[in-house]
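Notes follow the structure.
The values are calculated or read from the model by the stated rules, or taken from the named source; none is laboratory data. All of these numbers come straight from a predicted model, not from anything done at the bench. FYI the Cβ positions are ideal-geometry reconstructions off the backbone, even for glycines, and counts take in every protein chain you see.
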Amino acid sequence: MKVAVYPGSFDPITYGHIDIAERALKVFDKLIIMITINPNKRAMFSAEERIDMVRETLKDHLNRVEIITCEDLTVNKTRELGATHIVRGLRAVTDFEYEFQMTHANRVLATEVDSIFFMTDNKYSFLSSNTVKEIAQFDGELATFVPDYVEQKLRQRFRK
Ligand code: ADP
């Protein structure tokens, strides 16, 4: 069985993430969505809230998708889980530099784990969780960027 890990903050999950996950599911039998908990990054949503949004959003794929959190190095956790690949999404050349460094560092740390990259549909190539949070803050239109369920959570957060 071919298993891959898709790590990220998912704070919150967007149509860009979903697009990458669905592309990866065409190649791998099982995809583990790994919500990375990074103390250096201030998240808007708790780990539990992020898991809940990913689960609701990917509910049609839950037979082949698992959702976990990770406070460890991604590559160590990937190896521990017996997965062979780390899935990442590429939006534009700006993502490349960072991914290039991470991939080579990860190869040094775990030679048996490789990275694999997918490009999103062009319509999501500018989309990030940060953009979505900014739009939500100013009560802008969110329907084309996140599923309904995530939009509701964002609206609730900014209503408080
Ligand atoms: P991180 O903090 O690890 O970058 P993110 O949740 O922002 O976590 O992103 C996780 C992964 O999903 C990254 O590989 C990122 O490039 C990818 N990703 C996020 N949004 C998009 C998008 N709109 N199109 C393609 N890939 C995306």
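For segment 94-119, name all the residues that are part of a helix (DSSP H, G or I) and within 13 Å of VAL75 (Cα to Cα). Listed by number, the residues that qualify are MET102, THR103, HIS104, ALA105, ASN106, ARG107, VAL108, LEU109.
Residues in segment 87-103 that are loosely packed, with under 11 Cβ neighbours inside 10 Å and either under 26 Å from ASP29 (Cα atoms) or aromatic (Phe, Trp, Tyr) (or both): how many? Walk me through it before giving the result.
Step one: of segment 87-103, the residues loosely packed, with under 11 Cβ neighbours inside 10 Å are 92-94, 97-98, 101.
Retained after the next criterion (residues that are either under 26 Å from ASP29 (Cα atoms) or aromatic (Phe, Trp, Tyr) (or both)): 98.
Counting residues in segment 87-103 that are loosely packed, with under 11 Cβ neighbours inside 10 Å and either under 26 Å from ASP29 (Cα atoms) or aromatic (Phe, Trp, Tyr) (or both) gives 1.
Within segment 56-82, residues that are in contact (Cβ under 8 Å) with a residue 60 or more places away in the chain and within 22 Å of ASN38 (Cα to Cα) reach partners that are in a loop (DSSP other than H, G, I, E, B) and of a type in the set (Ser, Thr, Tyr) with beta carbons closer than 9 Å, at six or more positions or on different chains, in the pairs THR78/THR84. A search for C-beta distances below 6 Å between a residue of segment 106-120 that is under 18 Å from ALA92 (Cβ atoms) and within 16 Å of the ligand (Cβ to nearest atom) and any residue that is acidic (Asp, Glu) and at pLDDT 95 or above, counting only pairs 6+ apart in sequence or on different chains, returns THR120/ASP19. Considering every residue within segment 33-55, establish whether at least one is more than 12 Å from the ligand (Cβ to nearest atom), closer than 20 Å to GLU151 by Cβ and of a type in the set (S, T, N, Q). Yes, that holds for at least one residue. Against the conditions (1) within 15 Å of the ligand (Cβ to nearest atom); (2) in contact with a Leu (Cβ under 8 Å, 6 or more places away or on another chain), PRO147 satisfies every one except (2). Scan segment 81-105 for residues that are within 12 Å of the ligand (Cβ to nearest atom), in contact with a helix residue (DSSP H, G or I) (Cβ under 9 Å, 6 or more places away or on another chain) and more than 19 Å from ASP19 (Cα to Cα) and the total you get is 1.
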